[in-house]
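A quick write-up on the structure given underneath.
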Amino acid sequence: MTSFYLSTPHQPPKPPKKLPLELPWALFGGISPQQFMKQYWHKKPLLVRGAIPAFALAKQNDEYLESPISYSELIQLSEKEELESRLIQSKPWRFSHGPFTKKRIPKLGDSNWTLLFQGMEAHHPAAATILSWFRFIPDARLDDLMISIAGIGGGAGPHFDSYDVFLIQMSGRRQWRISEQKDLSLNPKLPLKILQSFQSEQEWVLEPGDMLYLPPHIAHDGIALDSGCQTWSVGFRSPSFKELLQEGLWRLAESLEDIPNLDQRFADPKQNATANPDQLPEELIKRLHEEVSKLQLNQVNRFLPGITAYLSEPKPNAFFTGPVPSLSPKSFLNKLAKQALIPSPQTRILSFRKQVFCNGEEVTKDQPNNVVAAWETLSANRSLTAKTLKNVDKSSLYEAYLAGWLIFEKR
Ligand code: SIN
Ligand code: CO
């Protein structure tokens, strides 16, 4: 790191309300998100020099931009229970899960270690801002922002991921080597996923502000060249069809509670004396056939609300704390007229058509029209200011505020 420059933390700008999907972005090296999706997404790697131009601009003015989050802030976070952190040490490979006491963490000047912090958007507004620039990809696919900090030589080792990733260099330099090799077998003797044999095909040194996009299954190895090297990874998720269908099916099963007719019991006045008492009765099969047809289980629409609910579940270690003191419904409405209500950083909101799901619950179910409209706005814009809302007392909107799922934006 160049320490003789004046150093200030980079403050990532907030994206505009409506992302310009057709205009060229520096983040993608001068192509639009639309072109990026067509040419690169899920297809081939893309290296972007100066994806965040602020870093190079600062350098021209003899200034030095640092990561928005300092080394000491990150080290403090590694002691937190609610943050998913991992320590990877190489030579030899070792791996452990956080939280970590200060003593457990190698010193900045030590070599061959990296600390990885998952879900950073919930812990630092700059991480949430960086993530929000990627909202041209569906929320159902966006997972989280991971930050790694490393000593010289540190890295996760040569591996592949099953997901797309944007690797943004935020501090120090990192050498990236990548390969489209077919052999993705892992070394069974190691405690973490390291490729048995890695044959680098391309390599680059990324400087702060540079970005590398990798589609799934591209072998890669990133090695820190400077102590305090920070890489911010925008990560995605893509559940298997098994997972989606299982989750959709059991939620559909739960929703049968709402169909009173199904409480009716099977009756068999037409049952004959049977010579095969061990067999499931034909009459029962016939009646079940009728009930199953009524449920239209062959219609995917029957599963989609449950699947959306599942995908809107927050991460397992998410925590929410309600406001103390909380506002009365009346004061809540007064504040909402002036200040934006936004999802707390760990809240997930997803919509299936007009149904809105927040943190696994269908929040538009049995709600008055104005509350439904408020949720639709929150889902689309991740922000709501409303001057005309009324009677929110028992509404899902006010409840979500009391639960800490929705918070007022700090000004
Ligand atoms: C990192 O070391 O910051 C990135 C981890 C990865 O390669 O996915
Ligand atoms: Co990776």
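The values are calculated or read from the model by the stated rules, or taken from the named source; none is laboratory data. Note that this is a predicted model, so its numbers are computed, not measured. Ideal geometry is used to build each Cβ from the backbone, glycine not excepted, and the neighbour counts take in all protein chains shown.
Key figures
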quantity: Lone unmet requirement of (1) in the same structural domain as Gln35 (by TED's automatic domain parsing); (2) touching a residue at least 60 places away in the same chain (Cβ under 8 Å) for Gly248; calculated: (1)
quantity: Qualifying strands (runs of 3 or more DSSP E) (wholly inside segment 79-128; at least 2 residues being closer than 21 Å to Pro158 by Cβ, within 16 Å of ligand 2 (Cβ to nearest atom) and in contact (Cβ under 8 Å) with a residue 24 or more places away in the chain); calculated: 85-89, 113-117
quantity: Top-ranked residue in segment 196-219 [being within 11 Å of ligand 2 (Cβ to nearest atom) and buried (at least 17 other Cβ atoms within 10 Å of the Cβ); ranked as nearest to Asp164 (Cα to Cα)]; calculated: Leu214
quantity: Meets criteria (hydrophobic (A, V, I, L, M, F, W, C), away from ligand 2 (no atom under 13 Å from the Cβ) and modelled with pLDDT of 95 or more) for Leu145; calculated: yes
quantity: Among (1) more than 25 Å from the chain's Cα centre (by Cα); (2) within 12 Å of ligand 2 (Cβ to nearest atom); (3) not hydrophobic (A, V, I, L, M, F, W, C) - the single one Gly222 does not satisfy; calculated: (1)
quantity: In segment 367-411, the residues that are of a type in the set (Asp, Glu), closer than 21 Å to Arg348 by Cβ and at pLDDT below 95; calculated: Glu409
quantity: Cross-chain or 6+ apart pairs with Cβ under 6 Å, segment 163-179 first and more than 18 Å from Gly29 (Cα to Cα) and small (Gly, Ala, Ser), then within 11 Å of ligand 1 (Cβ to nearest atom) and modelled with pLDDT of 95 or more; calculated: Ser171/Gln230; Gly172/Cys229; Ser179/Ala219
quantity: Among residues of segment 213-248, those that are small (Gly, Ala, Ser) and over 11 Å from Gly154 (Cα atoms), counted; calculated: 6
